[in-house]
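Student: Just passing along the structure, written as structure tokens.
The values are calculated or read from the model by the stated rules, or taken from the named source; none is laboratory data. Bear in mind that the values here come from a model prediction, so they are computed numbers and not experimental data. Here the Cβ is made from the backbone with ideal geometry for all residues, glycine too, and neighbour counts use every protein chain on show.
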Amino acid sequence: DVKVTQSSRYLVKRTGEKVFLECVQDMDHENMFWYRQDPGLGLRLIYFSYDVKMKEKGDIPEGYSVSREKKERFSLILESASTNQTSMYLCASSMGQGGSGNTIYFGEGSWLTVV
Amino acid sequence: KQEVTQIPAALSVPEGENLVLNCSFTDSAIYNLQWFRQDPGKGLTSLLLIQSSQREQTSGRLNASLDKSSGRSTLYIAASQPGDSATYLCAVRRGGTASKLTFGTGTRLQVTL
């Protein structure tokens, strides 16, 4: 089974802190994604990566950055956390070109509260 | 810009009923469509993926259909059970493999005893 693991399920951080959310997948997937999910707004893509050291902005990249130094790990960074970044963050991965119809697999989510 | 709509937003049915969840999208130029289940406070679990060239996919009591030309997909759940209670989301991917998914806001299903 594909496993996407998010290191922290629940975090509480202060405004202005730098926050790291880590995600690891164990299926050698090329593509990795970070979404946030908010009531009434659904899932919105923050960033995605289709290869090591490659990244592309999603719909709402402002206030976030990402890092992909190894294929299995994709990190989301909040440089200076703000209260409007309180949300559930979901990491996902999928195979690259031609793989399994590109089914996308999600982690369990990380609940971030910024106070 | 692709928009994905799911109606109804919430649905309550008694155990044993067959039910249909709807998903519509505005741009028919999609690569595939995927249905997910999400339990409260948890991540998304993939249920079915339909490629743009396919008409339907089945897994157990679940059947998903796709009518690309009309911009619609349905998820049929047979003989519903209380354990089916969850939020169901559909997502469409446009052409290309690393391109992003556009999600609907989901249908919250409750199956009562």
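Student: Check A:LEU11, A:LEU45, A:LEU90 and return the single one that is more than 13 Å from chain B (Cβ to nearest Cβ), part of a strand (DSSP E or B) and either surrounded by fewer than 18 Cβ atoms within 10 Å (Cβ to Cβ) or within 11 Å of the chain's Cα centre (by Cα) (or both). Even if it seems obvious, please write down each step before you answer.
Tutor: Numbers: A:LEU45 fails: more than 13 Å from chain B (Cβ to nearest Cβ); A:LEU90 fails: more than 13 Å from chain B (Cβ to nearest Cβ).
Exactly one of A:LEU11, A:LEU45, A:LEU90 is more than 13 Å from chain B (Cβ to nearest Cβ), part of a strand (DSSP E or B) and either surrounded by fewer than 18 Cβ atoms within 10 Å (Cβ to Cβ) or within 11 Å of the chain's Cα centre (by Cα) (or both), namely A:LEU11.
Student: Then there is this: State yes or no: is B:LEU33 under 21 Å from A:GLY42 (Cβ atoms), in contact with a Gly (Cβ under 7 Å, 6 or more places away or on another chain) and either modelled with pLDDT under 95 or of a type outside the set (Phe, Trp, Tyr) (or both)?
Tutor: Details: under 21 Å from A:GLY42 (Cβ atoms): yes; in contact with a Gly (Cβ under 7 Å, 6 or more places away or on another chain): no; either modelled with pLDDT under 95 or of a type outside the set (Phe, Trp, Tyr) (or both): yes.
Criteria not met by B:LEU33.
Student: Related question: Which residue out of B:SER85, B:SER65 is more than 14 Å from every other protein chain (Cβ to nearest Cβ), buried (at least 16 other Cβ atoms within 10 Å of the Cβ), without any contact (Cβ under 8 Å) to a residue 40 or more places away in the chain and under 10 Å from the mean Cα position of the chain (by Cα)? Step through it out loud before you land on a result.
Tutor: On the way: B:SER85 fails: under 10 Å from the mean Cα position of the chain (by Cα).
None of the others qualify; the one that does is B:SER65.
Student: Looking only at residues that are within 11 Å of the chain's Cα centre (by Cα) and either more than 15 Å from A:PHE20 (Cα to Cα) or among the hydrophobic types (A, V, I, L, M, F, W, C) (or both) in the range A:62-77, which one is surrounded by the fewest Cβ atoms within 10 Å (Cβ to Cβ)?
Tutor: A:ILE77
Student: If a residue has to be surrounded by fewer than 13 Cβ atoms within 10 Å (Cβ to Cβ), closer than 13 Å to B:THR102 by Cβ and touching a residue at least 60 places away in the same chain (Cβ under 8 Å) to count, how many in the range B:1-55 make the cut?
Tutor: 2
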